[in-house]
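Down below is the structure, laid out as structure tokens.
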Amino acid sequence: MEQREDVKILRKALDESKYTVVLGGSGVLEESGYFVLKDPEKAYEVEKKYGVSVEYIYSSAYFNTRPDQFYDFYKNEIIKTDLEPNETEKALAAMEAAGKLQCVVTSNVYDLSGRAGVKNVINLHGTIYQNICPHCHTEYSIDYIRKAPKVPLCEKCNSVVRPMISLFGEMVDSQVMTRTTEEVEKADVLLLLGTTLESLVFKNYIRYFTGKTIAIIHKEPHYTDTKADIVIYGMPKEILPQLGY
């Protein structure tokens, strides 16, 4: 009963909002069945299988010095399959179509929201679908990367093709950071999905929020939840469709 009432309160806040921004964290990725880098069990499996930590194998330093090993990991763990966007992403697309969502900012590299039909998406860390030769700037599809026997090389200049994603040790693109900050500043409602107010990815953007309502939907309680106006515990893919957009 309490959850149902909270959903009604959130619906009212969204209906009254002129500008709503969603921040989608690793919890959304996890419920979609994708590889979550910070999951302790996955991290252990990676270290056992590849002999190095996730933080190292998924770093720019490792990509630059050991592209063979990087792509072995990347192709087998990060881009092996294309899972479809789940109910969370479909609900966000419906919210946007209804005029109740103005922007989605996401930390995942799978463009789940965009593939579900959301038009205004900021992929903070880039996407696996954009791959570029760093020397001649020829673009390559995800299929080209997957089908490469080992390291994908540029057909024009033979350089190693680079996925346009932020690896460990790299800064988020400054233009993307600026755009994200501007979106958060405009928001009346800031809706966090599968993340917390203490998120290392989002907290520097959240501090620019001066709107009316911060709402959170995630699985488990967090000590910073008390700073939010609305908190609903559960999976976003189960909660968002209840909004009825």
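Each reported figure results from applying straightforward, stated rules to the coordinates on display, with no laboratory input. None of the values given here were measured: they were computed from a predicted structure. Note: ideal-geometry Cβ built from the backbone for every residue, glycine included; neighbour counts use all protein chains shown.
Data overview
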| item | result |
| --- | --- |
| Helix-derived mean residue ellipticity, 222 nm - over the chain, DSSP H n ≥ 4, -39500 (n - 2.57), to 500 | -10000 deg cm²/dmol |
| Shape call, the range 35-82: gyration tensor on alpha carbons, a/c limit 1.5 | oblate |
| Cα-projected label distance for LYS119 with PHE168, points at 7 Å along beta-carbon direction, nm | 3.9 |
| Simple Cβ-charge dipole of the range 35-82, Lys/Arg +1 and Asp/Glu -1, about Cα centre, in debye nearest 20 | 60 |
| Over 30 Å (Cα to Cα) - which of LYS119/LYS150; LYS42/LYS212; LYS12/LYS237; LYS42/LYS186 fall in this group | LYS119/LYS150; LYS42/LYS212; LYS42/LYS186 |
| For ASN131, residues with placed amide H under 5 Å, excluding near neighbours | TYR140, MET164 |
| In nm, spacing of pseudo-spin labels at LYS12 and VAL52 (7 Å Cα→C-beta vector) | 5.4 |
| Karplus (6.51, -1.76, 1.60) ³J(HN,Hα), θ = phi - 60°, over the range 63-79, in Hz, Gly and Pro reported as x | 4, 6, 9, 9, x, 4, 5, 4, 6, 4, 5, 4, 6, 8, 10, 8, 10 |
| Cα-centre dipole for the chain with unit charges at Cβ (Lys and Arg positive, Asp and Glu negative), debye to 20 | 380 |
| Rel. contact order, % - alpha carbon contacts under 8 angstrom, at least six apart, the range 35-82 | 26 |
| Highest-first arrangement of 90-101, 69-80, 222-233, where packing means the average Cβ count within 10 Å | 90-101, 69-80, 222-233 |
| Beta bridges per DSSP with both ends in the range 94-217, % antiparallel, nearest 5 | 45 |
| Length-normalised contact order of the chain in % [C-alpha pairs under 8 Å, at least 6 apart] | 26 |
| P(r), alpha carbons of the chain - 5 Å bins starting at zero, rounded % | 1, 6, 13, 17, 18, 15, 11, 8, 6, 3, 1, 0, 0 |
| Rg to Rh, two decimals, where the range 139-191 supplies the alpha carbon set and Rh follows Kirkwood | 1.20 |
| Principal-axis tilt of helix 87-97 within the chain, Cα atoms, nearest 10 degrees | 70 |
| Förster radius 22 Å - calculated FRET efficiency between GLU5 and LYS227 (Cβ-Cβ, nearest 0.05) | 0.60 |
| Spatially proximal aspartates and glutamates relative to LYS147 (Cα-Cα < 19 Å; intrachain offsets below 8 disregarded) | ASP68, ASP72, GLU77, ASP82, GLU139, GLU155 |
| Förster-model FRET efficiency, 30 Å R0, TYR144 and TYR44, C-beta, rounded to 0.05 | 0.45 |
| Charge dipole (the chain, unit charges on Cβ, about Cα centre) - positive-most of THR180, LEU153, PHE209 | LEU153 |
